[in-house]
Amino acid sequence: MRYCFISFMFIFTFMFNNLLFAKEISISWPSIWVAKDSKAKVIRQLVNEFNQANSGKIKVVLEDQTDYDLYAQKLTAQLATGKLPDIFTIGPDLRDIFYRSNKGLDFVPHLDYDSNWKSRFPGNALNSNNKDGKIYMLPYELFVTPVIYNKKLLKNAGYESFPNSYKEFINMCKAIKKTGKICSSQMTNKNAWTSMLWYSQILVSAGGSDIYNKGLDDPAYLKAAEIMREMYNYTSSDAVGATAAVSAGHFLNERSAVFMNGPWFIKRYKTEGIPGLHDNLVIAPAPMVEGGKGSMGGYIGGRQSSLAAGKQTDKNKEKAIVKFLKWLTKPDNVARLSYDSGAMFIIKTELPEDMDRLFKDMSKQAGNAPYVAPIFINGINSLSIAREFPQALSALVLDDASPKDFVQMLKDAK
């Protein structure tokens, strides 16, 4: 009888432990790749396919984050005082804060253990995310932000091609304004994204691709402010205070002739633009500042989002997270994501021949560019200056601050 009792207890304990181990692991992913984001459809498909393949074992739960800026603010707060999500995407602007927090999941042991997974990433990309022997960020999405212009609206203003200099560009803007259209979409709200991209282009053209190593006293910062102020004479009346949706809306509805954004926006030209918009769009390098130190055809861009995870105490959950990230970085899945959204990724993959022509032109020009310099909010390497930019820009274009005052506002924020 005693042996039967011991056998029963052994079986019960074995079954109980198996039940505990077999409990479905839930992985939270607060994601900005939802709703109108061009990657939303395929991301949801990939999550659903993974969950189905791992039914009863692992479940990834998407938590919609539709406001990019609020997401960044929340993540910044979590890095400082809270617990990080299981999985999340993070930009280069938060890299230093993230590594200092020591709250990230270190991927080095997992990458070293699985050489196939490690080989998907260019070596230099992984090395640049290695700090003190740890890799908290897996490089994922890349971007460049050239000019996108509407050739029909330019033709109506008497232009067959895009200008090479800002002097010519301003003259074109005057001609476009006479036709009743807006020259370029601009915005000052939140991170002033569209205008920040233009400022980045002008800054690099004036000061060279190494401008961020020269400090805010370099005259290129002042020159870029002067040109930005002039450009606002030919933008929409609602540009001051405008959000990204407002800025993009003018271009999608052919109220503005020139736009600036990344490859992730390509799909939206078709899905949200007025009929025929996509057919009239052309990719071009930004104009050049006369006498500037930049080079014609130079691009701005860099890394957009890296994949990351919060540090785990449960090793089974850590393995489940890594399993999902391997799925998300599988070359075939990355190709699907790029094909459908137009976004660019660092993962080595073969893309279909029938990729969107705008994506092909963007990729070709970026590949032939003499440089791809960082955008301002990444290159300036100061979160406080990046956050001051929208306020300084608003003051500049409302004539509450001169171009010199604009630069001083950036200096004071440092």
For 83-93, 152-162, ranked highest to lowest by mean beta-carbon neighbours within 10 Å, the order is 83-93, 152-162
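In nm², what is the average projected area of the convex hull enclosing the Cα atoms of segment 32-161? Walk me through the intermediate numbers first.
Numbers: hull surface 47.9 nm².
About 12.0 nm², averaged over all directions.
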At q = 0.11, 0.14, 0.15, 0.20 Å⁻¹, the log10 of I(q)/I(0) for segment 144-273 from a Debye sum over equal Cα scatterers comes to -0.38, -0.61, -0.70, -1.21
Long-range amide H partners of F345, meaning residues 5 or more apart or on another chain whose placed amide H is closer than 5 Å, are L142
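Express in % the proportion of alpha carbon pairs of the chain at distances exceeding 43 Å. Working shown, then result.
Numbers: 15142 of 85491 pairs.
When all Cα pairs of the chain are counted, 18 percent exceed 43 Å.
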A convex hull over the alpha carbons of segment 186-343 yields, per residue, a volume in Å³ of 170 Å³
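So, R0 is 41 Å and r is the distance between the beta-carbons of Q365 and D314; what FRET efficiency does that work out to, to 0.05? Could you put the intermediate results ahead of the total?
Values: r = 46 Å, r/R0 = 1.13.
Result of the calculation: an efficiency of 0.30.
Could you work out the equivalent-ellipsoid semi-axes for segment 232-305, taking the square root of 5 times each eigenvalue of the Cα gyration tensor, largest first, in whole Å?
Details: eigenvalues 108, 58, 37 Å².
Computed over segment 232-305, the values are 23, 17, 14 Å.
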Under a Gaussian network model of the chain whose springs join Cα atoms within less than 10 Å, the largest fluctuation of S209, S28, S237 belongs to S237
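If you take all C-alpha pairs in segment 268-378, what percent of them are over 19 Å apart?
Values: 3807 of 6105 pairs.
Pairs farther apart than 19 Å: 62 percent.
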In a Gaussian network model of the chain with springs linking alpha carbons closer than 10 Å, the residue among K103, K315, K74 that fluctuates most is K315
Of all DSSP beta bridges having both residues in the chain, the percent classed as antiparallel (nearest 5) is 65 percent
Which of K214, K59, K134 fluctuates most in a GNM of the chain (C-alpha springs under 10 Å)? That residue is K214
Using the Kirkwood radius over Cα pairs of segment 182-247, the Stokes-Einstein translational diffusion coefficient at 10 °C and 1.306 mPa s, in µm²/s and rounded to a whole number, is 129 µm²/s
Using the Kirkwood radius over Cα pairs of segment 61-104, the Stokes-Einstein translational diffusion coefficient at 37 °C and 0.692 mPa s, in µm²/s and rounded to a whole number, is 300 µm²/s
For segment 117-206, the Cα convex hull volume per residue in Å³ comes to 171 Å³
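With n ≥ 4 as the cut-off for DSSP H runs, can you work out [θ] at 222 nm for the chain, using -39500 (n - 2.57) per run divided by the number of residues, rounded to the nearest 500?
On the way: 19 runs with 200 residues, N = 414.
Estimated from H runs of four or more residues: -14500 deg cm²/dmol.
Among the listed pairs K36/K411; K103/K414; K41/K152, give every one whose C-alpha distance is greater than 29 Å.
Numbers: K36/K411 36 Å; K103/K414 26 Å; K41/K152 31 Å.
The answer is K36/K411; K41/K152.
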One finds, for K330 and K270 with R0 = 30 angstrom and r their Cβ-Cβ distance, a FRET efficiency to the nearest 0.05 of 0.70
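Could you tell me the convex hull volume per residue, in Å³, taken over the Cα atoms of segment 314-413?
Details: hull volume 19.1 nm³, N = 100.
It is 191 Å³ per residue.
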Over its alpha-carbon atoms, segment 263-317 yields an Rg and a Dmax in Å of 20.1, 59
Length gained if M355 through K178 is fully extended, taking 0.36 nm per residue and subtracting the Cα-Cα distance, is 60.1 nm
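No value in this document is a laboratory result; all are computed from the given coordinates. Given the structure is predicted, the values throughout are model-derived calculations rather than measurements. FYI the Cβ positions are ideal-geometry reconstructions off the backbone, even for glycines, and counts take in every protein chain you see.
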